[in-house]
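What follows is a short report on a single structure.
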Amino acid sequence: MRQRIAVLITLGLMPWVELSAQTTPASTTFRVTTRVDTVCEVTASDLSFGAYNAQGGTPLTGTTLLRTTCTPGSTYNVGLDAGISPGATVQARKMASGANSLNYQLYSDSARSTIWGNTPGTDTVTGVGTGTQVDHTVFGAVPAAQVVPSGDYADTITVRVFY
């Protein structure tokens with residue numbers, strides 16, 4: 001009889017053993033990934049030199065700001081093209097009024113000695129992205145004593161960010 005009770009108890013506990021085995025969960029892992037691309041944006045303000053006097057003995061100067069926003073840690077170069085006026089080059093920029101032109105130049109330094117161009121590693125301005133706006137000042141000058149007819153002179157510069 002004792003043996004019979006032991007067998008019945010053992011058989012009675014079998015479902016509980018099975019339930020206990022089922023409470024151990026199965027598990028696995030998976031990775032979550034993405035790639036952050038380097039991106040840059042740039043904004044520019046117009047540069048107005050004001051009124052030019054050909055009889056003035058000193059260059060007319062002015063400044064404007066370029067603002068770059070690039071992915072943190074990314075390196076970039078900011079370039080300025082020659083402009084759209086006929087005959088202009090990076091080394092000899094021109095504002096036009098009809099068929100007339102007025103020479104000017106854009107520089108990357110306040111001494112106005114380093115021409116700001118459009119060739120990365122040569123005459124562009126370098127920076128490192130912070131994820132927030134970084135200001136870059138453009139220093140401009142219109143040489144003195146240019147003999148030109150009166151009028152409104154203008155040019156359009158394209159700003160490029162190489163990254």
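Per-residue 3J(HN,Hα) values for the stretch 47-59, derived from phi via the Karplus relation 6.51 cos²θ - 1.76 cosθ + 1.60 with θ = phi - 60°, read 10, 10, 7, x, 7, 9, 10, 4, 7, x, x, 10, x Hz in sequence order (x marks Gly and Pro).
Calculate what fraction, in whole %, of the accessible area of the chain sits on carbon and sulfur atoms when a 1.4 Å probe is rolled over the protein chains. For the chain, the apolar C and S fraction of the accessible surface comes to 55 percent. The amide H of Gly56, built 1.01 Å from its N in the peptide plane, has Ala145 as neighbours under 5 Å, considering only residues 5 or more places off or on other chains. Between rounded, prolate and oblate, where does the stretch 71-163 land on the alpha carbon gyration tensor, with a ≥ b ≥ c its root eigenvalues, rounded for a/c under 1.5, else prolate if a/b exceeds b/c? Taking the square roots of the gyration eigenvalues as a ≥ b ≥ c, the stretch 71-163 is prolate.
Extension gain for Asp152-Leu47 works out to 36.4 nm (0.36 nm per residue, less the C-alpha to C-alpha distance).
So if the hydrodynamic radius of the chain is defined as the Kirkwood radius over C-alpha pairs, what does Stokes-Einstein give as its diffusion coefficient at 37 °C and 0.692 mPa s, in µm² per second? Translational diffusion coefficient: 159 µm²/s.
The residues of the stretch 57-153 expose on average 49 square angstrom of accessible surface per residue, using a 1.4 Å probe on protein heavy atoms.
Please identify every one of the trypsin sites (Lys or Arg not before Pro) in the stretch 25-98 that sits in a loop by DSSP and has no more than 10 other beta carbons within 10 Å of its own beta carbon. Filter output for the stretch 25-98: Arg31, Arg35. For the chain, with the dipole built from +1 on Lys and Arg beta-carbon atoms and -1 on Asp and Glu ones, taken about the Cα centre, which of Asn53, Ala111, Pro72 lies farthest toward the positive end? Toward the positive end, the furthest listed residue is Pro72. Computed per residue of the chain from DSSP H runs no shorter than four, each worth -39500 (n - 2.57), the mean residue ellipticity at 222 nm is -4500 deg cm²/dmol. Between the helical axis of 2-22 and the longest alpha-carbon principal axis of the chain there is an angle of about 10 degrees. The modelled label-to-label distance between Arg160 and Val128, using points 7 Å beyond Cα along the C-beta direction, is 2.5 nm.
What you get for the chain, charging only the Cβ of Lys and Arg (+1) and of Asp and Glu (-1), is a dipole of about 860 debye around the Cα centre. Running a GNM on the chain with Cα contacts under 10 Å, which residue among Phe30, Phe139, Phe49 ends up with the highest mean-square fluctuation? Per the Cα network of the chain with a 10 Å cutoff, Phe30 tops the list.
The values are calculated or read from the model by the stated rules, or taken from the named source; none is laboratory data. Since we're looking at a predicted model, the values are computed, not measured. Backbone-built Cβ (ideal geometry, glycine too); neighbour counts: all protein chains shown. Heads up: the accessible areas ignore ligands, DNA and RNA and are worked out on the full protein's heavy atoms, side chains in. Shrake-Rupley method; radii C 1.70, N 1.55, O 1.52, S 1.80 Å.
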